[in-house]
1. Could you give the length gained by full extension between Val46 and Phe13, i.e. 0.36 nm per residue of separation minus their alpha carbon distance, to one decimal place?
2. Please report the Cα spread of the chain along all three principal axes, rounded to whole Å, starting with the longest.
3. Can you sort Thr25, Thr67 from fewest to most other Cβ atoms within 10 Å of each residue's own Cβ?
4. Give a residue-ordered list of calculated ³J(HN,Hα) values for the range 49-65 (Karplus: 6.51 cos²θ - 1.76 cosθ + 1.60, θ = phi - 60°; whole Hz; x for Gly, Pro).
5. If each DSSP helix of 4+ residues adds -39,500 (n - 2.57) and the sum is divided by the residues in the chain, what number results at 222 nm, nearest 500 deg cm²/dmol?
6. Which far-off residues, 5 or more places away or on another chain, put their amide H under 5 Å from the one on Leu50, with H placed in the peptide plane?
7. Along the Cα→Cβ direction, 7 angstrom out, place labels at Ile57 and Leu20. What is the inter-label distance in nm?
8. Among Lys48, Lys66, what is the fewest-to-most ranking by other Cβ atoms within 10 Å?
Amino acid sequence: MWVSLLHRRGESFVYAAVALVPGNTHENAVLWRLVDQFVSRVGRGVLKWLILDRGFIDGTAISRCKTEHGSM
C-alpha cells in the first residue's frame, strides 16, 4: 500500500511525498509523518489546504497540524 502527498504548483500537481508501507500498516500515522516532513522542508504556513479521505480524519492530528504548521 502507498500513501502520497500531492502539492499544487501553479496549474499542476507534483508529488511532495510518497511512502510505500506494508498492507497491514494504518495509513493515518504515515500521512501525518509525511505532512510533518513536508512542512519541515518547505516551511510553516506553506501548506494551506489538506484534503483528506474520511479514513484519515483524526481530530487530534488535524488540530496539531493547524497549530504547529499553520495550515488548513
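Since every read-out is calculated from the coordinates, none of them should be taken as a lab result. Note that the structure is a prediction, hence the values are computed from the model and not measured. Cβ atoms come from the backbone with ideal geometry, glycine included; neighbour counts cover every protein chain shown.
1. 10.4 nm
2. Sorted largest first, the three principal extents are 33, 28, 21 Å.
3. Lowest to highest Cβ neighbour count: Thr67, Thr25.
4. My calculation for the range 49-65 gives 10, 10, 9, 10, 5, 4, x, 9, 6, 9, x, 5, 5, 5, 4, 5, 4 Hz in order.
5. -12000 deg cm²/dmol
6. Here Met72 satisfy the definition.
7. Between Ile57 and Leu20, the label points sit 3.2 nm apart.
8. Lowest to highest Cβ neighbour count: Lys48, Lys66.
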